[in-house]
1. Modelled label-to-label distance, Ser104 and Glu206, 7 Å Cα→beta-carbon offset: nm?
2. From the square roots a ≥ b ≥ c of the eigenvalues of the alpha-carbon gyration tensor of the stretch 148-242, which class results: rounded (a/c under 1.5), prolate (a/b over b/c), or oblate?
3. Nearest 5 percent is fine: what portion of the DSSP beta bridges confined to the stretch 61-235 is antiparallel?
4. To check my understanding: the extent here is largest minus smallest coordinate of the Cα atoms along each principal axis. What are those three numbers for the stretch 61-235, in Å, largest first?
5. Explain nothing, just compute: Karplus ³J(HN,Hα) = 6.51 cos²θ - 1.76 cosθ + 1.60, θ = phi - 60°, for every residue of the stretch 144-155 in order, whole Hz, x for Gly and Pro.
6. So how do 201-213, 150-162, 236-248 stack up, highest first, on mean other-Cβ count within 10 Å?
7. Fully extended, how many nm does the chain gain between Asp137 and Ala260 (0.36 nm per residue separation, minus their Cα-Cα distance)?
8. Which shape class, rounded, prolate or oblate, goes with the stretch 190-240 when its Cα gyration tensor gives a ≥ b ≥ c as root eigenvalues, a/c under 1.5 marks rounded, and past that a/b bigger than b/c marks prolate?
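The numbers here are math on the coordinates, done by the rules we state, and not lab data. Predicted model only: the values in this text are computed from it and were never measured. Backbone-built Cβ (ideal geometry, glycine too); neighbour counts: all protein chains shown.
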Amino acid sequence: MPRKPTTAPPSDTPATGWDEVLSAFGPDPHPPPAAAPPEEGSGPLLATARAALERLSTWVPIRSLARRHRRRIIDHLFALDARDRYLRFGYAASDEQIRRYALSLDFSRDEVLGIFNRRLQLVAMAHLAYGLPAPGDPARTMAEFGVSVLPESRGRGLGRRLFEAAALHARNRGIDTLFIHALSENRPMLHIATAAGAVVERDGSESAAWLRLPPDSFGSQVEQALERHFGELDFQFKRQARVLNDFVDSVAEVKSHFDASGRAAKE
Ligand SMILES: CC(C)(COP(=O)(O)OP(=O)(O)OC[C@H]1O[C@@H](n2cnc3c(N)ncnc32)[C@H](O)[C@@H]1OP(=O)(O)O)[C@@H](O)C(=O)NCCC(=O)NCCS
């Protein structure tokens with residue numbers, strides 16, 4: 001017979017009668033604190049916290065890439081076919097052009113963000129290029145966003161998450177406009193940009209999308225720091241898991257080698 005938890009109230013005590021029973025002992029010397037009224041101006045803070053929580057529920061580990069990731073960046077871009085390279089760069093970049101692009105990435109100036117799978121393959125990456133002049137308005141600061149997701153990982157929101165992360169990084173660097181240059185036929189990219197509030201200007205086969213960014217805040221800085229921290233943790237975790245897997249595989253290989261030679265010796 002299942003045992004009743006000892007912390008549960010006795011079944012013959014009506015659950016609603018407790019206040020009356022307790023009031024017979026006089027006023028509560030330690031009343032629970034009254035709910036604090038919402039502070040003036042806490043609305044935007046609450047909205048930011050709510051948005052951060054929502055993002056957390058669909059969290060994707062995004063990592064800032066560095067020089068040591070160049071090899072993985074090249075492998076990622078090599079895996080794109082001619083059409084994807086055309087969509088990404090505006091022309092069907094050759095392997096040599098991709099290699100030169102990857103070698104020219106300036107990690108100290110720009111931000112390169114990546115998403116790795118469990119095998120530590122770079123399945124998605126974004127390049128946020130800083131230091132571009134804003135056309136017609138030198139007071140504005142602008143960064144350009146470029147992205148690619150491997151075909152087998154598309155449609156899962158990775159492109160959108162990289163776009164949001166890039167917008168957050170740019171905002172925290174004092175950039176007020178995010179610029180995306182895409183071919184007009186690139187519906188998914190233009191969809192991601194317009195869904196975030198970007199204004200798209202079509203010019204024949206090419207389109208330019210402009211997203212105005214709000215100034216940075218304490219919340220946006222914390223969000224970026226958390227994202228960086230958890231992205232790094234996730235990568236280290238995957239690396240350890242891979243080392244462990246490789247170790248288990250090599251033990252299994254050695255064991256099967258000894259089993260085979262033992263059988264051969266018996267025969
Ligand atoms: C563009 C690209 C990065 C998108 O990556 P992704 O991970 O598949 O994107 P997401 O899953 O985050 O989002 C795609 C969005 O486009 C929408 N979409 C897909 N195909 C669409 C189409 N034909 N028309 C309109 N919207 C479309 C999806 O519904 C989704 O929107 P939702 O989140 O509101 O449902 C990817 O297709 C890619 O790498 N393409 C090749 C390189 C490239 O084009 N780079 C961009 C130039 S900078």
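1. 1.5 nm
2. Oblate shape, in that a/c is at least 1.5 and b/c is the bigger or equal ratio.
3. About 90 percent, rounded to the nearest 5.
4. Projected onto the principal axes, the Cα atoms of the stretch 61-235 cover 42, 40, 29 Å.
5. Couplings: 9, 10, x, 8, 8, 10, 4, x, 6, 10, 7, x Hz.
6. Values: 201-213: 14.2, 150-162: 16.6, 236-248: 11.4.
Taking the mean over residues of other Cβ atoms within 10 Å, the ranking is 150-162, 201-213, 236-248.
7. 36.9 nm
8. Oblate.
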